[in-house]
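Novice: Below you'll find the structure I mean.
The values are calculated or read from the model by the stated rules, or taken from the named source; none is laboratory data. Fair warning: this is a prediction, and the values are worked out from it, not measured in the lab. Cβ: placed from backbone, ideal geometry, glycine included. Neighbour counts: every protein chain shown.
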Amino acid sequence: MVGTTGAAPGHENWSSRAAFILAAIGSAVGLGNLVRFPAEAGANGGGAFVIFYIFCIVLIGLPVLLSEILIGRHGQAAAPQSVRKTARDSNASEAWSILATIGMIAAFLILCFYSVIGGWVLYYIGTFAGEIFNSGLFSGAFQGRSAEDVQGLMPGLFANGSLQVILHLVFIGITIFFVARGVNRGIEFVATWLMPIFFLIFLGITIYGLFTGDFGRTAEYLFTFDLSKLTGPVMLAAVGQAFFSLSLGSAMMITYGAYAGRDINLAKTSGIIATADTSVALLAGFAIFPIVFAAGLDVSAGLGLMFQTLPVAFQTMPAGTLIGLLFFIMVFFAALTSAVALLEAPTSWALDKFRMGRQRTTMITGGLVLLVGGVAALSSTVFAGWEPLGFIPLFEGQDFFNTLDVLTGKVMLPVAALITAIFVGWIADRRLLDAENGLDGAMHHIWRFLVAWLCPIVLIAILVVGIFPGILG
Ligand code: TRP
């Protein structure tokens, strides 16, 4: 056992450094990389968004990531309690724990729509599995059906509210099962088994895509920087995507940091997590956009990229049934490791607070996700046309499902990260956090500068121009 030093009673620790890193990567790599990144990149015009996103990862995401893990390791408890302890030890107000409270609520709300998408992924696994009998494992999927027909799978699913609720139930049920088993037997188990399999399948499919698709056009689309396209809303979308993808501002990395032993170099770990996460997002872009271009489909199809465009591609691909099946299994694995982490944040908080036992607590937090997510699952049917925050310009035209996405990605995560940067940059006692951050010399000063100055200033600016684009005239 590596990380048993300093844990609060009742807290399990990661059984090894590798387990911690895998679990953190497992939480970061998920639907955010595979579904949300391509969707946002396409909807926000490609290059400008992507380049600004990478800028955000390096200069804002990484410093905040290290800050969150540091708070967690210092606090050795669930996220709000960890911030409170860090504040207390710094003679600062415990009200700073608001950053973790916002984050935890955000994690909960993210899981509510995440699980619905997880349910769609299960549906596609089932569909491709069925194709084994229909088309055979080694031929293209959906033989004898038209491309329109295949694209119609998604609207078909969207029109079926009860099926979406059932799929959401299955997905959250699996998530509850693993979280209820605890850190070592549940979360670590999922991460250490599923993430390596994920990376294997992912690499295979990406290499396959690079040889078959339109690589040059994709590179140009994703990496051509056009300054005129970098509007306030695009910047907000990019920074929000950076936080979403790195699981920041959602109490997550604080929670996981609490399980990390003192001997783990947190700066290096943060670098590994951010590199892995960003590579997967970019490679996912390279797996998906070539197909979109080759088929002459719409880049701004949003979620349709994954659930409409790719199935059509698997129709004509050699061994499309097998590859499609593997593909959606891989997405499912990535989604499950993230969902487990998303549920762990509110669960570990409730566990510390109410002391009702892990299993019962998980049932309750998961049950609440089931309810709220159920409404999201019915956004395209029963609750179609209901725009809960539609009176606010940022949320105009967004149904309940999308409102959850916008509220978390574009408001809660950036705000929680902003408060985190101010807290670590200005409020928390440096001696508490700096001694163990794993940085030395110039890197340390750069990190300090980014957290205290660049992150707050840029985040405030982006929130303002992103939420009120009119300000720029
Ligand atoms: N990073 C996850 C993804 O890209 C989503 C996510 C956001 C998340 N915040 C989180 C996952 C907190 C776990 C915990 O899919």
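Novice: Being basic (Lys, Arg) and at pLDDT 85 or above is the filter here; which residues of the stretch 163-208 pass it? Break it down stepwise before answering.
Specialist: Keep residues of the stretch 163-208 that are basic (Lys, Arg), which gives 181, 185.
Hit for the stretch 163-208 is ARG181, nothing else.
Novice: Return the residue satisfying two criteria in turn: it lies in the stretch 341-389 and is of a type in the set (Phe, Trp, Tyr) and in contact (Cβ under 8 Å) with a residue 12 or more places away in the chain, and of such residues it is surrounded by the most Cβ atoms within 10 Å (Cβ to Cβ). I'd like the intermediate steps shown before the answer.
Specialist: Taking the stretch 341-389 as the starting set, the residues that turn out to be of a type in the set (Phe, Trp, Tyr) are 349, 354, 383, 386.
After this cut, where a residue has to be in contact (Cβ under 8 Å) with a residue 12 or more places away in the chain as well, the list is 349, 383, 386.
Working: TRP349: 24, PHE383: 17, TRP386: 14.
That would be TRP349.
Novice: Any idea which of VAL179, VAL190, VAL165 is in a helix (DSSP H, G or I), touching an Asp or Glu at 6+ places or on another chain (Cβ under 6 Å) and touching a residue at least 60 places away in the same chain (Cβ under 8 Å)? Quick ask: steps written out before the conclusion?
Specialist: Details: VAL190 fails: touching an Asp or Glu at 6+ places or on another chain (Cβ under 6 Å); VAL165 fails: touching an Asp or Glu at 6+ places or on another chain (Cβ under 6 Å).
Among VAL179, VAL190, VAL165, only VAL179 is in a helix (DSSP H, G or I), touching an Asp or Glu at 6+ places or on another chain (Cβ under 6 Å) and touching a residue at least 60 places away in the same chain (Cβ under 8 Å).
Novice: Between LEU450, LEU407, LEU463, LEU433, which is assigned to a helix (DSSP H, G or I), modelled with pLDDT of 95 or more and either touching a Cys at 6+ places or on another chain (Cβ under 7 Å) or closer than 15 Å to PRO63 by Cα (or both)? So that I can check it myself, show each step before the final result.
Specialist: Values: LEU407 fails: either touching a Cys at 6+ places or on another chain (Cβ under 7 Å) or closer than 15 Å to PRO63 by Cα (or both); LEU463 fails: either touching a Cys at 6+ places or on another chain (Cβ under 7 Å) or closer than 15 Å to PRO63 by Cα (or both); LEU433 fails: modelled with pLDDT of 95 or more.
Selected residue: LEU450, the only one of LEU450, LEU407, LEU463, LEU433 that is assigned to a helix (DSSP H, G or I), modelled with pLDDT of 95 or more and either touching a Cys at 6+ places or on another chain (Cβ under 7 Å) or closer than 15 Å to PRO63 by Cα (or both).
Novice: Looking at the stretch 381-401, is at least one residue part of a helix (DSSP H, G or I), within 16 Å of the ligand (Cβ to nearest atom) and of a type outside the set (Gly, Ala, Ser)?
Specialist: yes
Table: residues versus (1) charged (D, E, K, R); (2) closer than 13 Å to PHE307 by Cβ; (3) within 16 Å of the ligand (Cβ to nearest atom).
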| residue | (1), (2), (3) |
| --- | --- |
| ALA106 | no, no, yes |
| ILE110 | no, no, yes |
| GLU131 | yes, no, no |
| SER146 | no, no, no |
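Novice: Something else: On the given criteria, is ALA313 touching a helix residue (DSSP H, G or I) at 6+ places or on another chain (Cβ under 6 Å), within 16 Å of the ligand (Cβ to nearest atom) and not in a loop (DSSP other than H, G, I, E, B)?
Specialist: On the way: touching a helix residue (DSSP H, G or I) at 6+ places or on another chain (Cβ under 6 Å): yes; within 16 Å of the ligand (Cβ to nearest atom): no; not in a loop (DSSP other than H, G, I, E, B): yes.
The answer is no for ALA313.
Novice: Within the stretch 76-95, take every residue that is on the phi < 0 side of the Ramachandran plot and within 24 Å of the chain's Cα centre (by Cα) and give me the one that is modelled with the lowest pLDDT. Can you show your working first?
Specialist: So in the stretch 76-95, the residues on the phi < 0 side of the Ramachandran plot come out as 77-90, 92-95.
Cutting the leftovers down to within 24 Å of the chain's Cα centre (by Cα) gives us 77-83.
Numbers: ALA77: 87, ALA78: 84, ALA79: 91, PRO80: 93, GLN81: 92, SER82: 94, VAL83: 97.
Top of the filtered list is ALA78.
Novice: Now a separate question. Within the stretch 403-425, take every residue that is polar (S, T, N, Q) and within 16 Å of the ligand (Cβ to nearest atom) and give me the one that is surrounded by the fewest Cβ atoms within 10 Å (Cβ to Cβ).
Specialist: The first filter runs over the stretch 403-425 and keeps only residues polar (S, T, N, Q), leaving 403, 408, 420.
If we keep only those that are within 16 Å of the ligand (Cβ to nearest atom) as well, we get 408, 420.
Values: THR408: 29, THR420: 31.
By that ranking, first place goes to THR408.
Novice: Restricting to the stretch 136-157, give me the number of residues that are within 27 Å of the chain's Cα centre (by Cα) and of a type in the set (A, V, I, L, M, F, W, C).
Specialist: Total meeting the criteria: 3.
Novice: Then there's this: So, in the stretch 319-369, of the ones that are assigned to a helix (DSSP H, G or I) and among the basic types (Lys, Arg), which residue ends up farthest from the ligand (Cβ to nearest atom)? Break it down stepwise before answering.
Specialist: The first filter runs over the stretch 319-369 and keeps only residues assigned to a helix (DSSP H, G or I), leaving 320-354, 358-369.
Keeping just the survivors that are among the basic types (Lys, Arg) gives 353, 358, 360.
Details: LYS353: 19, ARG358: 18, ARG360: 22 Å.
So the residue we want is ARG360.
Novice: On to the next question. So which helices (runs of 4 or more DSSP H) are wholly in the stretch 203-309 and hold at least 3 residues that are away from the ligand (no atom under 16 Å from the Cβ) and not β-branched (Val, Ile, Thr)?
Specialist: 215-223, 232-246, 266-294
Novice: Could you tell me how many of the residues in the stretch 53-80 are more than 16 Å from the ligand (Cβ to nearest atom) and surrounded by fewer than 22 Cβ atoms within 10 Å (Cβ to Cβ)?
Specialist: 4
Novice: Does ASP399 meet the test of being of a type in the set (Asp, Glu) and surrounded by fewer than 18 Cβ atoms within 10 Å (Cβ to Cβ)? Steps first, please.
Specialist: Details: of a type in the set (Asp, Glu): yes; surrounded by fewer than 18 Cβ atoms within 10 Å (Cβ to Cβ): no.
Against the criterion (of a type in the set (Asp, Glu) and surrounded by fewer than 18 Cβ atoms within 10 Å (Cβ to Cβ)), ASP399 does not qualify.
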